[in-house]
Amino acid sequence: MNKKNDIELDKIRQKTIFGFIWEISSTAAQYIINFINGLILVSILQPYDYGLVALTYIFIRLATILSEGGFSRYIIQKKDADDLDYSTAFIANVVFAFFLYSILFVMSPLIADFYKEPELVLLLRVISLAIIFNSFNIVHLTILLISYNFKLTSIISITEYIIAAIVSILFAFYGFSYWALVALLLTPSIIALIILWLFSGIRFKIRFDKGRFIRMIQFSKAIILLDILDSFSNDIYTSIIGKIDSTRMVGIFNRAQQTHSYVNAMTKYSLVKLMKPVFRDIQENMELVRDTILRLFEMTFYINISIIIICSVFANEIFLVLYTSKWIESVWIFQLLSIAATIAPMNYILSNILITIGQSKLYTRIEWLVKLSQLLIIIIFIFSFKLLLIGLIVFELLQLVIRLYFYYKYLKFDLLILLNSLIPYIILSIILLLFNIGFKFINLHINIYLYLAAIFVLNILIINYYGKLRNLRTYKDIWDMVNELKYAIRQKLSK
């Protein structure tokens, strides 16, 4: 990195520091709300309830992708986007949403017959309303994102999660079974719609420009197809399990996946969401882009993988405490999926960056190869539930290799520099793994809650001390952010 890039990076860090804090705070709040809400719901609902709702995900997500049309990413990468772009995208989103909802409404009996679950008819028709509600929010949220207004998006997220949690708990408490989960999915989009349209201050004339719409379609058509394949590839496992096994086992699998989503939330979603506008601003400086990718990888290893290791080693104890013995079947699935979960955030980072820096052709080429590889792996491993899980791990490894190869070939991303920068974090992961396996064999004869609390405190101390001892860049970045936040708060209080 030369001095010019260092100065540019400092400017970007100053610009995004509060965005980072708001986004991380929002994700933490959502995590806590979801966590508490999830504990209450899993104690009332059955695995079958979760499995039944999970069977609708593949259809809801596919319809959501089609209604969004990739137009938000077009707006993000277009530096001179204006009201006409916003209005054109908005109209297209809403029209597509109503059209797709009508298709799902008609198709719901056929889908219910496929899974031999009659309840899916009404369930799918109601839960699909989220597609329509979300279509009114997409452009507004995109405008907030490109303007770095993470404060408002965080407030919206926290508000909608709190209200959704309350509504879903009431539904579950009064015996509405899986409808509690429907309420949990529908409520956030309704609350976001109300807040964005009443309080965001975002206004634009409703106009439609055919030329701009065509340009949006041209930009996003290949991406949309890949998004569909990506959504399909993520949810196909649930659909296959529902067909070859049972709806109850879908619920068990979904619980293991959901627990991993809690672990991945901070790095996989918050960091990438925050960095999208940053990569948009630095897309013409490839040296800076490469260094920022390294920083994201380092952050992922330092935080995400450390948490996964701890949770995997003590999965049995954690599931018993959080979910009771009703969900103990999910433990071995969670532990097996932990291997894939260590790789997934890196794939997610590499996948999202290309679009943001305008490399849509390269993105398309990579994603096609990745999806074709996954299809081949599914065909090979489809013969049983356990084999399907092993195939999922193989796929995560294979797609990481594919993505890194293309980054090296076309973006001159030095893999030796990447490996060298990650070695200290890999060593930390090994230390944590050995420490936790050893600690598991120590019988302290204490309350299980105190036992788990002691484990997490000791691991945090190890992670912090290691970062300080090795003078890790991620460790310094985290403490720089903390110190800048303290300074900003003092400045604000002194005024």
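Some values worked out for this structure:
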read-out: Extension gain from D477 to D245, taking 0.36 nm per residue of separation minus the Cα-Cα distance; value: 78.9 nm
read-out: Shape of the stretch 337-377, Cα gyration tensor, a/c cut at 1.5; value: oblate
read-out: R0 of 25 Å, Cβ-Cβ distance L415-E287: FRET efficiency to nearest 0.05; value: 0.95
read-out: Chain lengthening between V126 and D83 when straightened (0.36 nm per residue, less Cα-Cα); value: 12.2 nm
read-out: Violating pairs (Cα-Cα greater than 25 angstrom) within the set K326/K440; K78/K210; K326/K371; value: K326/K371
read-out: Label-reachable residues, the stretch 144-183, where backbone N falls under 18 Å from a point 7 Å from F199's Cα toward its Cβ; value: 144-145, 149-167
read-out: Cα pair distances in the chain, grouped into 20 Å bins until the bin that holds the longest one, percent each; value: 21, 59, 20, 0
read-out: Label-point separation, E317 to L450 (7 Å along Cα→Cβ), nm; value: 1.3 nm
read-out: Residue order, fewest to most surrounding Cβ atoms within 10 angstrom, among I343, I308; value: I343, I308
read-out: Whichever aspartates and glutamates have a C-alpha closer than 15 Å to that of K151, once near sequence neighbours (fewer than 8 apart) are set aside; value: E23, E160
read-out: Size of the stretch 93-199 as Cα extents on the principal axes (Å, biggest first); value: 47, 35, 19
read-out: Amide H within-cut-off set for Q46, under 5 Å, with H built and near neighbours excluded; value: none
read-out: Long-range amide H partners of D209 with built H, under 5 Å; value: T88
read-out: Cα gyration tensor shape of the stretch 207-265, rounded if a/c is under 1.5, else prolate or oblate by comparing a/b with b/c; value: prolate
read-out: Options V95, F381, I206, ranked by Cα towards positive dipole end of the chain, top entry (Cβ charges); value: I206
read-out: Dipole of the stretch 364-495 [Lys/Arg +1, Asp/Glu -1 at C-beta], most positive-end residue of T474, L461, L428; value: T474
read-out: Selection from M346, I366, Y323 lying farthest towards where the dipole of the stretch 300-403 points positive, charges on Cβ; value: I366
read-out: Derived scalar couplings ³J(HN,Hα) [the stretch 139-144; Karplus, 6.51 cos²θ - 1.76 cosθ + 1.60; whole Hz; x for Gly, Pro]; value: 5, 4, 5, 5, 4, 5
read-out: Inter-centroid distance (Cα atoms) of the stretch 119-151 relative to the stretch 86-100, Å; value: 12 Å
read-out: C-alpha center-to-center spacing [the stretch 198-225, the stretch 46-78] in angstrom; value: 19 Å
read-out: Cα-centre dipole for the chain with unit charges at Cβ (Lys and Arg positive, Asp and Glu negative), debye to 20; value: 980 debye
read-out: Least to most buried among R207, R248 (fewest other Cβ within 10 Å first); value: R207, R248
read-out: Residue-wise HN-Hα coupling along the stretch 402-415, computed from phi with Karplus coefficients 6.51, -1.76, 1.60 (Hz; x: Gly, Pro); value: 4, 5, 5, 4, 6, 5, 5, 6, 9, 10, 6, 7, 6, 6
read-out: Proxy reagent accessibility, fewest Cβ within 10 Å first, across W179, W479; value: W479, W179
read-out: Only Lys, Arg (+1) and Asp, Glu (-1) charged, at Cβ; the stretch 336-495 dipole about Cα centre in debye; value: 400 debye
read-out: Label-point separation in nm, I390 to I328, each point 7 Å along Cα→Cβ; value: 2.6 nm
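Coordinate-derived values only; no laboratory data. Note that the coordinates shown come from a computational prediction; the quantities given were computed from them, not determined experimentally. Backbone-built Cβ (ideal geometry, glycine too); neighbour counts: all protein chains shown.
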